[in-house]
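Undergrad: I am attaching a structure below and will ask some questions about it afterwards.
The values are calculated or read from the model by the stated rules, or taken from the named source; none is laboratory data. Keep in mind that this is a model prediction, so the values were computed, not measured. Quick reminder, even Gly has a Cβ in these numbers, built from the backbone with ideal geometry, and neighbours come from all protein chains shown. Quick note on the areas: whole protein, heavy atoms, side chains included, nothing else; ligands and nucleic acids left out. Shrake-Rupley method; radii C 1.70, N 1.55, O 1.52, S 1.80 Å.
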Amino acid sequence: MRKLILFSLLTLTFACNNVAKFEEPINTLSSEWDAATTQVTEVVNKISQTQDMAKSALEAMNPDETVMAKLNDEQKGKIEELKQGLQGQIANLGQLAQTAFEFVNNWQKEGEKLTALKDGLTGKKLPKDVQTTIDSLKTMVSSANDSVASWGGQITAASDAVNQASQSYNELISSTTAAK
């Protein structure tokens, strides 16, 4: 009986040490995951906002009949060129949104593993592959940070292109209505 109690105490001590060994890495990972989640959410929202901005800019490029009558063929061609550029930006943003949403779906699935690790800490019982899971999730955090940076650059470029197209359109229309 004493051997059984001693064995149980040793097993419990080892299990507690195993849990304590992973407490800091899991808590650090959890903080990094939360920060990355915030960044991913923000960039996905920016993609959506930029898509809306591009669609609004495209819809605004419809001069009324009076203005159209004042435009020469070159100016009409310029408007069509601006519209095509915006349609290209909308298509690119659509592809970017799809990529981001696929990433978010995977992110949420992987987040379940982090939740299991945190629950394991609380319950003092971690799965056997803790380090592998931590390493995998750290790689995912790194991927999220890289993706956010890449997507942010693409959003900025698209936003700049949309703003430039809108400005060019407004200048074209202003010069036409002011000159005639």
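Undergrad: Looking at the stretch 116-155, which of the residues that are over 23 Å from S48 (Cβ atoms) and among the hydroxyl-bearing types (S, T, Y) is least open to solvent (accessible area, probe 1.4 Å)?
TA: Across the stretch 116-155, the extreme among qualifying residues is T133.
Undergrad: Would you mind finding the one in N92, N72 that is over 23 Å from W33 (Cβ atoms) and either at pLDDT below 95 or more than 25 Å from the chain's Cα centre (by Cα) (or both)?
TA: Result of the check over N92, N72: N72.
Undergrad: Could you tell me how many of the residues in the stretch 51-65 are in a helix (DSSP H, G or I) and either of a type in the set (D, E, K, R) or touching a strand residue (DSSP E or B) at 6+ places or on another chain (Cβ under 6 Å) (or both)?
TA: 4
Undergrad: Also, quick follow-up: Within the set of pairs 6 or more residues apart or between chains, which connect a residue that is touching a residue at least 12 places away in the same chain (Cβ under 8 Å) inside the stretch 125-154 to a residue that is acidic (D, E) with Cβ atoms less than 7 Å apart?
TA: The qualifying pairs are L137/E110; M140/E110; V141/E32.
Undergrad: Against the definition (within 30 Å of E59 (Cβ to Cβ), of a type in the set (G, A, S), under 15 Å from the mean Cα position of the chain (by Cα) and outside any loop (DSSP other than H, G, I, E, B)), how does S142 come out, yes or no?
TA: Considered against the rule, which asks whether it is within 30 Å of E59 (Cβ to Cβ), of a type in the set (G, A, S), under 15 Å from the mean Cα position of the chain (by Cα) and outside any loop (DSSP other than H, G, I, E, B), S142 comes out as no.
Undergrad: Right, something else. In the list G88, G111, which residue meets the criterion of being of a type in the set (G, A, S), surrounded by 12 or more Cβ atoms within 10 Å (Cβ to Cβ), assigned to a helix (DSSP H, G or I) and touching a residue at least 24 places away in the same chain (Cβ under 8 Å)?
TA: Result of the check over G88, G111: G111.
Undergrad: With respect to L172, determine if the residue is at pLDDT below 95 and within 19 Å of S31 (Cα to Cα).
TA: no
Undergrad: Oh, and also: Among (1) under 30 Å from L117 (Cβ atoms); (2) modelled with pLDDT of 95 or more; (3) open to solvent by less than 80 Å² (accessible area, probe 1.4 Å), where does E42 come up short?
TA: Condition (3) is where E42 drops out.
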